[in-house]
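Undergrad: Pasting a structure below so you can have a look.
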Amino acid sequence: MSTFHMGLIINPLAGLGGPAALKGSDSVAAEALARGAEPRAAARTRLALECLLPLVGRIGFLTFPGPMGADLLAEMGFAHRVLGHLDGPSTSAADTQKAVEALQEAGAALILFAGGDGTARDVSAAVREGQPVLGIPAGVKIHSGVYAISPRAAGELARRLVEGDLVRLASGEVRDLDEAALRDGKVAARWYGELTVPEEGHFMQHVKQAGMESEELVLVDLADWLNDSWEEGVRYVLGPGSTLHGLAANLGLETTLLGVDVIEDGAVIARDVTEAQLFALVADHPARLLVTAIGGQGHIIGRGNQQISPRVLRAIGLEHLRVVATKRKLGTLAGRPLLVDSGDPELDAAFPDAIRVWAGYKEELLYPVGWD
């Protein structure tokens, strides 16, 4: 089984201001330490990581040096790779932002970060759109909607992802109080952006069939979402299978059941294309790729869709690939990962450890991917 690459960033100064009655920790860490406050971010992170100890052989962490993650991971026995360096004895917002950039570049499927609202702001300033992150609450102020309700809840969510459970993606707000105003008795909150976060949810909805999901209704919902979000001038490549064929039918488009079709500006521009034809259509043109999973087996690349070759995948970009699958179909995998077998081992290894799955109207899940 392949290694799941997970990022970890600890803000070691998070939470210092609370015990010192400073209402936060931004820019006052030295004063908090002088008042006798003790760092607690690592201890909070340990609570989260304890949930992952049963999976220690399946996770490879990506982290930053010393107190930003490497020290704790070494103590707990997790395999990890240390990226970057610290410029001084004390960490800063710039270190957090550098860590986010480095972990993304190294391919972290999920980035865990421990801190408070200030840390969430730092993560938001550097994270790419759509990169899944999850906050471990360790700060004084936790107003942002990007944190789990407790460190153990964060660890539980991460564990479920690694084990292949269905994990819904949502958009969480980053909010922070003005600490200077707060110390003067004024409460003023600001919105600083949004982050993509996993969330717990009830994955099998009660829709018309005694609590079982209706595939037909889900395809109608997915069609409505796609119809609302077409990007002008972008070519959408639809792989074979009844799921995508049904999705296209709900859009009033005639596609092939077992072929690969290309849609642009709401119209089918090519049906049942060969690999060469497909490459010519996407090589120098912005494109998105929609594929589905083989029920019970899980392959998304390399089974019945060989037209979507390694050079086609590289031309479109793995970041522009989305899996379309109902929760019922994912449930047939019983926690096993989605599979890729492009014929190019280097490309297969470049796939993220978890991929975004469209499962309903504006409903995305994060699901593990494997290739061996």
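The values are calculated or read from the model by the stated rules, or taken from the named source; none is laboratory data. Nothing here was measured: the structure is a model prediction, and the numbers come from that model. Glycine gets a Cβ as well: all are built from the backbone with ideal geometry, and neighbour counts include every protein chain shown.
Undergrad: Could you figure out which of (1) assigned to a helix (DSSP H, G or I); (2) at pLDDT 90 or above isn't true of ILE9?
TA: Every condition holds for ILE9 apart from (1).
Undergrad: Condition first: assigned to a helix (DSSP H, G or I) and more than 22 Å from the chain's Cα centre (by Cα). Now tell me which residues in the stretch 56-69 satisfy that. Spell out the reasoning first.
TA: Of the stretch 56-69, the ones assigned to a helix (DSSP H, G or I) are 56-58, 66-68.
Result: GLY66, PRO67.
Undergrad: Collect the residues in the stretch 85-98 that are crowded, with 16+ Cβ neighbours inside 10 Å, out of contact with any Gly (no Cβ under 7 Å at 6 or more places or on another chain) and of a type outside the set (Ser, Thr, Tyr), keeping them in residue-number order.
TA: ALA93, ASP95, GLN97
Undergrad: Report every pair of residues separated by at least 6 positions or lying on different chains whose Cβ atoms are under 6 Å apart, first residue within the stretch 235-252 and among the small types (Gly, Ala, Ser), second in a helix (DSSP H, G or I).
TA: Sorted first by the residue in the stretch 235-252, then by its partner, the pairs are GLY246/LEU219.
Undergrad: Across the stretch 130-149, which residue is farthest from PRO67 (Cα to Cα) among those that are without any contact (Cβ under 8 Å) to a residue 60 or more places away in the chain and out of contact with any helix residue (DSSP H, G or I) (no Cβ under 7 Å at 6 or more places or on another chain)?
TA: GLY145
Undergrad: Only one of (1) surrounded by fewer than 21 Cβ atoms within 10 Å (Cβ to Cβ); (2) over 16 Å from ALA48 (Cα atoms) is not met by GLY118, so which one is it?
TA: (1)
Undergrad: Within the stretch 316-358, count every residue that is within 18 Å of ARG303 (Cβ to Cβ) and among the polar types (S, T, N, Q).
TA: 2
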